[in-house]
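Here the structure is laid out as structure tokens; the discussion comes afterwards.
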Amino acid sequence: QGSRGRSIAAGEAHVHSSRPARVWRCSSGRSRRVHQSPQVVEHALREHFLMDIEAIKPHVIGNSEDGPWETSQGAKESPTQKELRFYLIVTLSSGMDIIISGFMCFIALSHGYADNGVSLYCLGIQSFSHALSSLLLMLRFVMEYRFATASARAGHEEGLLYQGRRRSLQREKYLNMFMGIVMLISGIALAIKAVRKLACWDRWYLDHATMDNDIRFATIFLACYGFVVHSVQAGVRAAGAMMLRMSILRHSLLASLVSLSFLFILGIAAIFEAESSWKAEPIAALVLAVIAFCEGCRIILFHLGDVDAKLQLNQGH
């Protein structure tokens, strides 16, 4: 039995020694020759995969070592010089529109209050909404331009652009939700007021020719003046939406188109009011109240959702 045991052990040693060797190449380029023993193979595989894993660079959204211009998909967001110039154009045009739309809002509401012009009330609310969209545009592009120029001078800083966009989205969400609720309530109230004016205008005022003329004059002035101004704004926002592909520009473009529709309807109402009857004004006001209600619904639905989810889906623009 002793001799038999020694022969078995010698045979196993011969089998182990006669196993072919295999060369494992690590990621560092070194070659290592190992036998096919399970423990040795497991150790070589573990070393190989650990070295590959160590070479992987982790990426955290908004905290990349490449800077705040790196998106979660890895696409560079650093703006070109042409885009930076367009940042300035949008900022300046939005600042001018805040003044112009504010002036239109004041004129429309003051004449609407003095002459009981329901359509002018509708135009005043929409002008305020357009001014708010311009204010949010200006604040957003001032932030974008400031981060772009600062990063070009001093290099990227981690997460600053992400945090800035997050604050901008939160501000835009709350202000637009407030404006949407105001337009919903105003649309319902002004629709009721327009119906009451159609039914009771002759009983409220036996002689309302002076007020009708003043409403018509204010409507024609605001329609002509505002249509030119808002057409320029709509053109700038449309060009920016196509070039920069930012959702805030698309939303602002829709606000400009709604304002243009308001002014177009008011211009038609002023023409019919001069030719036929004062009833054209409350009918136009009823149509504008419905449009204002629908615009309020659109604003609220557009800004629903979580801000962080939009940023992670790369919709922060």
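The values are calculated or read from the model by the stated rules, or taken from the named source; none is laboratory data. Keep in mind it's a predicted model, so treat the numbers as computed, not measured. All Cβ positions, even for glycine, are placed from backbone atoms using ideal geometry, and neighbour counts span all protein chains on display. Remember, those area values only see protein heavy atoms, side chains included, never the ligands or the DNA or RNA. Shrake-Rupley method; radii C 1.70, N 1.55, O 1.52, S 1.80 Å.
In segment 192-217, what count of residues is obtained for those that are aliphatic (A, V, I, L, M) and not in a helix (DSSP H, G or I)? Step through it out loud before you land on a result.
First pass over segment 192-217, keeping only residues aliphatic (A, V, I, L, M): 192, 194-195, 198-199, 206, 209, 211, 215.
From the residues that got through so far, the ones that are not in a helix (DSSP H, G or I) too are 206.
Of the residues in segment 192-217, 1 are aliphatic (A, V, I, L, M) and not in a helix (DSSP H, G or I).
Among the residues of segment 197-215, the ones that are open to solvent by 50 Å² or more (accessible area, probe 1.4 Å) and touching a helix residue (DSSP H, G or I) at 6+ places or on another chain (Cβ under 6 Å) come to 1 in all.
Report yes if some residue within segment 265-276 is farther than 17 Å from residue 176 by Cβ, at pLDDT 90 or above, in contact with a helix residue (DSSP H, G or I) (Cβ under 7 Å, 6 or more places away or on another chain) and not basic (Lys, Arg); otherwise report no. Show your work before the answer.
If we filter segment 265-276 for residues that are farther than 17 Å from residue 176 by Cβ, which is where we start, we get 265-276.
Subsequent filtering for residues that are at pLDDT 90 or above retains 265.
Filter once more, so that each one left must be in contact with a helix residue (DSSP H, G or I) (Cβ under 7 Å, 6 or more places away or on another chain): 265.
Remaining after also requiring not basic (Lys, Arg): 265.
Checked against the condition, which is being farther than 17 Å from residue 176 by Cβ, at pLDDT 90 or above, in contact with a helix residue (DSSP H, G or I) (Cβ under 7 Å, 6 or more places away or on another chain) and not basic (Lys, Arg), segment 265-276 yields at least one hit.
Residues that are touching a residue at least 60 places away in the same chain (Cβ under 8 Å), within 25 Å of residue 123 (Cα to Cα), in contact with a Leu (Cβ under 8 Å, 6 or more places away or on another chain) and open to solvent by less than 60 Å² (accessible area, probe 1.4 Å) do occur in segment 232-246. Going through (1) part of a helix (DSSP H, G or I); (2) over 13 Å from the mean Cα position of the chain (by Cα) one by one, residue 253 falls short only on (2). Within segment 245-262, the set of residues being under 11 Å from residue 233 (Cα atoms) and in contact with a His (Cβ under 7 Å, 6 or more places away or on another chain) comprises 255, 256, 259, 260.
Scanning segment 275-304 for residues that are under 30 Å from residue 173 (Cβ atoms) and in a loop (DSSP other than H, G, I, E, B) yields 303, 304. Hey, any hits in segment 270-283 for a residue that's within 20 Å of residue 109 (Cβ to Cβ), open to solvent by 20 Å² or more (accessible area, probe 1.4 Å), hydroxyl-bearing (Ser, Thr, Tyr) and out of contact with any His (no Cβ under 7 Å at 6 or more places or on another chain)? Taking every residue of segment 270-283 in turn, none turns out to be within 20 Å of residue 109 (Cβ to Cβ), open to solvent by 20 Å² or more (accessible area, probe 1.4 Å), hydroxyl-bearing (Ser, Thr, Tyr) and out of contact with any His (no Cβ under 7 Å at 6 or more places or on another chain). Filtering segment 252-267 to residues that are open to solvent by less than 70 Å² (accessible area, probe 1.4 Å) and either closer than 15 Å to residue 194 by Cα or among the hydrophobic types (A, V, I, L, M, F, W, C) (or both) leaves 253, 255, 258, 260, 262, 263, 265, 266.
Based on this model, can you work out whether residue 295 counts as modelled with pLDDT of 85 or more and crowded, with 20+ Cβ neighbours inside 10 Å? When the stated conditions are applied, residue 295 passes them.
State whether the residues of segment 182-191 include one that is farther than 18 Å from residue 79 by Cα and either in contact with a Cys (Cβ under 6 Å, 6 or more places away or on another chain) or part of a loop (DSSP other than H, G, I, E, B) (or both).
Residues of segment 182-191 that are farther than 18 Å from residue 79 by Cα, as a first pass: 182-191.
Subsequent filtering for residues that are either in contact with a Cys (Cβ under 6 Å, 6 or more places away or on another chain) or part of a loop (DSSP other than H, G, I, E, B) (or both) retains 190.
Scanning segment 182-191, I find at least one residue that is farther than 18 Å from residue 79 by Cα and either in contact with a Cys (Cβ under 6 Å, 6 or more places away or on another chain) or part of a loop (DSSP other than H, G, I, E, B) (or both), so the answer is yes.
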